[in-house]
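Here the structure comes first, spelled out in structure tokens, and everything after it is commentary.
The values are calculated or read from the model by the stated rules, or taken from the named source; none is laboratory data. Just so it is clear, the model here is predicted, and its values are computed rather than measured. For neighbour counting, all protein chains shown are included, and Cβ atoms are generated from backbone atoms with ideal geometry for every residue, glycine included.
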Amino acid sequence: MRIVIGEDSVLFREGLAQLLTVSGHDVVGKAGDAPTLITLTQQLAPDLVIIDVRMPPDHSDDGARAAQVLRERQPGLPIVLLSQHVETRHSVELVATGGFGYLLKDRVLDVDDFLDALRRVAGGGSALDPEVVSRLVGRRRGRAALAALTTREREVLSLMAEGKTNGGIARQLWLTNRTVETHVSSIMAKLDLANTPDDHRRVLAVLTWLNASVP
């Protein structure tokens, strides 16, 4: 797997690069600030980008903003955010697109689990720390909210969590687009996700699924 790393800590960046290289991956680029990361990623077209949320030049949420820019310019680009803190402003919209991970640095204790998370994201799936999910969706919805869904609605919601569009879901489940739209509307209603201008209902539905899926 060809990987670009965006991390301002030289020690952490080089350590991560060595780990990935020893594990058989090809680290094709390393950046210490958000603008360089964006430029490198566009030039190198990697299979995966690993980004620290807090990077220069502002040392705030530059990495998260860079991730959003990269996803807008390169739809489908697998991205994993690493951070010591949970940032929700920019990451919430990336969750429902698939190929996205958000892991807290001090909770990545098992190398095999970490590498497995990278492979899962590169394959279009999700890898989210339970604390990140809880912060994003809140604790209002969980397993109890999903109990009202039918088996087919659960299948649709799980595919939404993989970042698939309604058309993609229809093709995989051999359904019509209209049928999928009906299922999605039913899911939103059962999860009590009101249709308001300020709510990202699809994102919230996916987060509800993920929140109920973590231990």
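Considering segment 39-53 alone, what residues qualify as being surrounded by fewer than 20 Cβ atoms within 10 Å (Cβ to Cβ) and within 18 Å of the chain's Cα centre (by Cα)?
Passing the criteria: only ASP47.
Could you tell me which numbered condition ARG140 fails, if it satisfies all but one of (1) at pLDDT below 85; (2) surrounded by 15 or more Cβ atoms within 10 Å (Cβ to Cβ); (3) more than 30 Å from LEU20 (Cβ to Cβ)?
(2)
Using the structure shown, decide if GLU14 is surrounded by fewer than 22 Cβ atoms within 10 Å (Cβ to Cβ), closer than 22 Å to ASP112 by Cβ and not hydroxyl-bearing (Ser, Thr, Tyr).
Yes, satisfied.
For the condition farther than 23 Å from SER126 by Cα and under 20 Å from the mean Cα position of the chain (by Cα), what is the one hit in SER60, SER9?
SER60
Among the residues of segment 196-211 satisfying the criterion of being modelled with pLDDT of 65 or more and of a type outside the set (Lys, Arg), which is surrounded by the fewest Cβ atoms within 10 Å (Cβ to Cβ)?
First, the residues of segment 196-211 that are modelled with pLDDT of 65 or more: 201-210.
Then keep just the ones that are of a type outside the set (Lys, Arg); that gives 203-210.
Details: VAL203: 19, LEU204: 24, ALA205: 25, VAL206: 25, LEU207: 24, THR208: 25, TRP209: 25, LEU210: 22.
The qualifying residue surrounded by the fewest Cβ atoms within 10 Å (Cβ to Cβ) is VAL203.
Do we have ALA67 as farther than 21 Å from LEU128 by Cβ and buried (at least 19 other Cβ atoms within 10 Å of the Cβ) here? Give the derivation first.
Details: farther than 21 Å from LEU128 by Cβ: no; buried (at least 19 other Cβ atoms within 10 Å of the Cβ): yes.
No.
In segment 21-36, which residue that is in contact with a Leu (Cβ under 8 Å, 6 or more places away or on another chain) and among the aliphatic types (A, V, I, L, M) is surrounded by the most Cβ atoms within 10 Å (Cβ to Cβ)?
Looking at residues that are in contact with a Leu (Cβ under 8 Å, 6 or more places away or on another chain) and among the aliphatic types (A, V, I, L, M), I get ALA31.
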